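The values are calculated or read from the model by the stated rules, or taken from the named source; none is laboratory data. All values reported here derive from a predicted model rather than from experimental measurement. Cβ placement follows ideal geometry from the backbone for every residue including glycine, while neighbour counts extend to all protein chains displayed. Quick note on the areas: whole protein, heavy atoms, side chains included, nothing else; ligands and nucleic acids left out. Shrake-Rupley method; radii C 1.70, N 1.55, O 1.52, S 1.80 Å.
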Amino acid sequence: MNRTLTTCRHLYNDSLAERKRKAELNELERTFGIIQWGEPEWIEYEDQQNALPLMKTSYQKEVFSQVLQNVLKRVDRSFQNFFRGFGYPRFQGRNRYNSFTYPQKGFELKDGKPILSKIGNIKIIQHREIEGKIKTCTIKKDIDQWYVSFACEIDEPALAEIKTEIGIDVGLSSLITLSNGEKIEPPKFLRESEDKLTHEQKRLSRKRLRSKNRKQQAIIVAKVHRRIRNQRKDFAHKLSRELVDTYDRIVFEDLQIKNMVQNHHLAKSISDAGWYQLMNLTEYKAAYAGKFVEFVNPAGTSQICSSCGNSVQKELSVRVHSCPFCGLVLDRDHNAAINILSTVGTTGINARQGLSIESRCSGTLRGFSPE
Ligand SMILES: [Zn+2]
């Protein structure tokens, strides 16, 4: 599996280099007028896919052909993302490129054991029952652990009747406020792990460059990172499960709009706190249960009075909403959460519904990234 991963990574980097070179060549030719002006030629996914079987290296022959094709797909997807406004595709280092995918066939699940073409049988600990029809199989490496994930297709569930609904305000701190006034804090151990991370990172910075100690310390840091990632995900899984079980319609503010409006520092704290993850998990769990998740434009939700609708301007530091028009006094975030819930339906254009996660996963440039 390590060898497959390395082969895939090299193919990724080579294909990326090839497309990049062609693009630069086009630029040169245009600049110096070497060729006639006209449509420049590009290397496309199809070109690389057609060329692949003709010039396979001995390493590539050891890898199932569709796995290699999927690598080219990933390169293509990262270019498509670039054309949609995300960053230019990057070369992948050993620590960054960590998965390969069987997109259609070449794998099988027999008596709870995956059999991978060109690799063999592997033992696994199965965390979840498989439902529906298996479509793809992805193998992912996480430092010293390997994961296998299957993407499955299931039938669309019947839509639930909306009897209960809730609006959610996500705060600056790692805290969320519900429109019923409830506040939810992330578990304490998450904070503790983050302290540990700071500690281990300090130790890392003191180690001599390229020393053996430094390498070992880097692994320790990576493992603390992993623990935090897992704890966060665990928290987000539990919270989203609770939300979806309790409410038929869940309304969030659209962070994409919010990030555009507000400053960079705030945007960072939002992504750090893992709000996107919480929203994504809630969204897919809701879709699975036939329930609804909606995203509304957050403009004004913290200023408008949830009782009388008048605008009550206040700085970010003012934590209490106190309305001079109707006398309502409420926690600032609670007021915002109520507004978020009541915005649904009134601003139809801004409300998005359903599984449109893709556009918000700006971090997954490599395309498919298994859970
Ligand atoms: Zn009021």
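Data table
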read-out	value
The range 327-338 residues that are within 14 Å of the ligand (Cβ to nearest atom), paired with ones that are of a type outside the set (A, V, I, L, M, F, W, C) and open to solvent by 50 Å² or more (accessible area, probe 1.4 Å) (beta carbon under 6 Å, 6 or more apart)	328/307; 329/322; 332/319
Total residues in the range 206-258, condition in contact (Cβ under 8 Å) with a residue 12 or more places away in the chain, among the charged types (D, E, K, R) and more than 24 Å from residue 296 (Cβ to Cβ)	5
Failed item in (1) of a type in the set (Val, Ile, Thr); (2) out of contact with any Phe, Trp or Tyr (no Cβ under 9 Å at 6 or more places or on another chain); (3) in a strand (DSSP E or B), with residue 125 passing the rest	(3)
Segments classed as strands (runs of 3 or more DSSP E), wholly inside the range 130-172, with at least 1 members that are within 30 Å of residue 318 (Cβ to Cβ)	165-170
Boolean, residue 167 is loosely packed, with under 15 Cβ neighbours inside 10 Å, in contact with a helix residue (DSSP H, G or I) (Cβ under 8 Å, 6 or more places away or on another chain), closer than 28 Å to residue 295 by Cα and not acidic (Asp, Glu)	no
When residues of the range 313-326 are limited to those that are farther than 18 Å from residue 181 by Cα and more than 7 Å from the ligand (Cβ to nearest atom), the one nearest to the chain's Cα centre (by Cα)	316
Hits in the range 73-91 (condition: surrounded by 20 or more Cβ atoms within 10 Å (Cβ to Cβ) and in contact with a Leu (Cβ under 7 Å, 6 or more places away or on another chain))	75, 78, 81, 89
Residue match in the range 44-53 (condition: of a type outside the set (D, E, K, R), within 15 Å of residue 89 (Cβ to Cβ) and not in a loop (DSSP other than H, G, I, E, B))	yes
Which numbered condition residue 94 fails, given (1) open to solvent by 20 Å² or more (accessible area, probe 1.4 Å); (2) assigned to a helix (DSSP H, G or I); (3) closer than 18 Å to residue 146 by Cβ	(2)
Check on residue 26, farther than 29 Å from residue 146 by Cα, surrounded by 15 or more Cβ atoms within 10 Å (Cβ to Cβ) and polar (S, T, N, Q)	yes
Test set (1) closer than 27 Å to residue 240 by Cα; (2) not in a strand (DSSP E or B) - residue 295 fails condition number	(2)
